[in-house]
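J.: Just passing along the structure, written as structure tokens.
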Amino acid sequence: QKEVEQNSGPLSVPEGAIASLNCTYSDRVSQSFFWYRQYSGKSPELIMSIYSNGDKEDGRFTAQLNKASQYVSLLIRDSQPSDSATYLCAVNGPMETSYDKVIFGPGTSLSVIP
Amino acid sequence: GAVVSQHPSWVICKSGTSVKIECRSLDFQATTMFWYRQFPKQSLMLMATSNEGSKATYEQGVEKDKFLINHASLTLSTLTVTSAHPEDSSFYICSARRRNTGSTEAFFGQGTRLTVV
């Protein structure tokens, strides 16, 4: 079983719509959760980090975490063509343990259609 | 900010030669740096975790004698691909974590595209 799973997409949404990206993880010791955006040929860029259950909002982005369901999501409101990229979900285990490393999911390709 | 600089951005080398990639945290001290490899259309695969002043911890399946990692200071980690072969051609990316913040957020360098011919 893969540690971090995401729908590969591509996910297509019209400009101005809400894009919803989902991620599940298998390791219950995971404590930190991240969403990165990666444009083709570039390195990942951190968008959001979330550590506790519930929602966390930052501008047009909202991350949601449900540790009981081992599920984390990212909502992008008012999607723009510039949001078209691959979105990577990543998890990190407890610090200073053998789980203290950032593991990435396969990524979901998002295309925002003008 | 948290700027991580990786050098070189791209490199072409002959099969059998070695290539060194540098990862520097420019405006913060990094106790932990991570090295990833990414093949086209695939996600980032963690190769190793590098802690300043100690030996790197390699992920299963990654040859430590082929991918030499040195983390000699709080701002610099290097990855040397020894005796490179065409199958080592990939996008190598480092990330660094700030020292003593209690945060697991990691910031990425711009990546190094290695082509072995």
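The values are calculated or read from the model by the stated rules, or taken from the named source; none is laboratory data. Small disclaimer: the values here were computed from a predicted structure and weren't measured. Counting neighbours? That spans all protein chains shown, and the Cβs are built from the backbone with ideal geometry, glycine included.
J.: For segment A:94-114, which residues satisfy the criterion of being on the phi < 0 side of the Ramachandran plot, of a type outside the set (A, V, I, L, M, F, W, C) and out of contact with any helix residue (DSSP H, G or I) (no Cβ under 8 Å at 6 or more places or on another chain)? I'd like the intermediate steps shown before the answer.
T.: Filtering segment A:94-114 down to residues on the phi < 0 side of the Ramachandran plot leaves A:94-95, A:97-106, A:108-114.
Add one more test, that the residue is of a type outside the set (A, V, I, L, M, F, W, C), and what stays is A:94, A:97-101, A:105-106, A:108-109, A:111, A:114.
Answer for segment A:94-114, where residues must be on the phi < 0 side of the Ramachandran plot, of a type outside the set (A, V, I, L, M, F, W, C) and out of contact with any helix residue (DSSP H, G or I) (no Cβ under 8 Å at 6 or more places or on another chain): A:94, A:97, A:98, A:99, A:100, A:101, A:105, A:106, A:108, A:109, A:111.
J.: Quick check on residue B:48: is it among the aliphatic types (A, V, I, L, M), free of Cβ contacts under 8 Å to residues at least 60 places away in the same chain and touching an Asp or Glu at 6+ places or on another chain (Cβ under 8 Å)?
T.: Numbers: among the aliphatic types (A, V, I, L, M): yes; free of Cβ contacts under 8 Å to residues at least 60 places away in the same chain: yes; touching an Asp or Glu at 6+ places or on another chain (Cβ under 8 Å): yes.
Taking the combined requirement at face value, the residue satisfies it.
J.: In segment B:98-117, what residues are of a type in the set (A, V, I, L, M) and within 9 Å of chain A (Cβ to nearest Cβ)?
T.: Correct list: B:106 only.
J.: Can residue B:68 be described as within 13 Å of the chain's Cα centre (by Cα), under 28 Å from residue B:102 (Cβ atoms) and at pLDDT 95 or above?
T.: On the way: within 13 Å of the chain's Cα centre (by Cα): yes; under 28 Å from residue B:102 (Cβ atoms): no; at pLDDT 95 or above: yes.
Answer is no for this residue.
J.: Quick one: residue B:95 ticks every box in (1) within 12 Å of the chain's Cα centre (by Cα); (2) among the polar types (S, T, N, Q); (3) away from chain A (no Cβ under 14 Å) bar one, so which box is it?
T.: Condition not satisfied by residue B:95: (3).
J.: Then there's this: Could you list, in sequence order, all residues of segment B:5-23 that are crowded, with 18+ Cβ neighbours inside 10 Å and either over 10 Å from the mean Cα position of the chain (by Cα) or without any contact (Cβ under 8 Å) to a residue 12 or more places away in the chain (or both)? Talk me through it step by step, then tell me what you get.
T.: Let us first name the residues in segment B:5-23 that are crowded, with 18+ Cβ neighbours inside 10 Å, namely B:6, B:19, B:21, B:23.
Residue satisfying the conditions is B:19 alone.
J.: Same structure again: How do the strands (runs of 3 or more DSSP E) wholly within segment A:31-93 filter down when requiring 1 or more residues that are surrounded by fewer than 18 Cβ atoms within 10 Å (Cβ to Cβ) and at positive phi: which remain? Outline the logic, then answer.
T.: Values: elements: A:32-38, A:45-50, A:54-58, A:61-66, A:71-76, A:85-92.
Because the criterion is at least 1 residues that are surrounded by fewer than 18 Cβ atoms within 10 Å (Cβ to Cβ) and at positive phi, the strands (runs of 3 or more DSSP E) in segment A:31-93 that meet it are A:54-58.
J.: Another question, then. Take segment A:96-111 and flag every residue that is touching a residue at least 40 places away in the same chain (Cβ under 8 Å), touching a Gly at 6+ places or on another chain (Cβ under 9 Å) and either at the interface with another protein chain (Cβ under 8 Å from one of its Cβ atoms) or outside any loop (DSSP other than H, G, I, E, B) (or both).
T.: Matches in segment A:96-111: A:103, A:107, A:108, A:109, A:110, A:111.
J.: Right, another one. Among the residues of segment B:4-46, write down those that are aliphatic (A, V, I, L, M), away from chain A (no Cβ under 14 Å) and part of a strand (DSSP E or B). Walk me through it before giving the result.
T.: To start, the set of residues in segment B:4-46 that are aliphatic (A, V, I, L, M) comprises B:4, B:11-12, B:19, B:21, B:26, B:30, B:33, B:44-46.
If we keep only those that are away from chain A (no Cβ under 14 Å) as well, we get B:11-12, B:19, B:26.
B:11, B:12, B:19 - these are the residues of segment B:4-46 that are aliphatic (A, V, I, L, M), away from chain A (no Cβ under 14 Å) and part of a strand (DSSP E or B).
J.: Please find, within segment A:104-114, the residue that is surrounded by the most Cβ atoms within 10 Å (Cβ to Cβ) out of those that are under 12 Å from the mean Cα position of the chain (by Cα) and either under 13 Å from residue A:24 (Cα atoms) or aliphatic (A, V, I, L, M) (or both). Working first, answer last.
T.: Going residue by residue through segment A:104-114, those that are under 12 Å from the mean Cα position of the chain (by Cα) are A:104-110.
Restricting the remaining residues to those that are either under 13 Å from residue A:24 (Cα atoms) or aliphatic (A, V, I, L, M) (or both) gives A:104-108, A:110.
On the way: A:104: 22, A:105: 26, A:106: 20, A:107: 28, A:108: 22, A:110: 22.
Filtering segment A:104-114 for residues that are under 12 Å from the mean Cα position of the chain (by Cα) and either under 13 Å from residue A:24 (Cα atoms) or aliphatic (A, V, I, L, M) (or both), the one surrounded by the most Cβ atoms within 10 Å (Cβ to Cβ) comes out as A:107.
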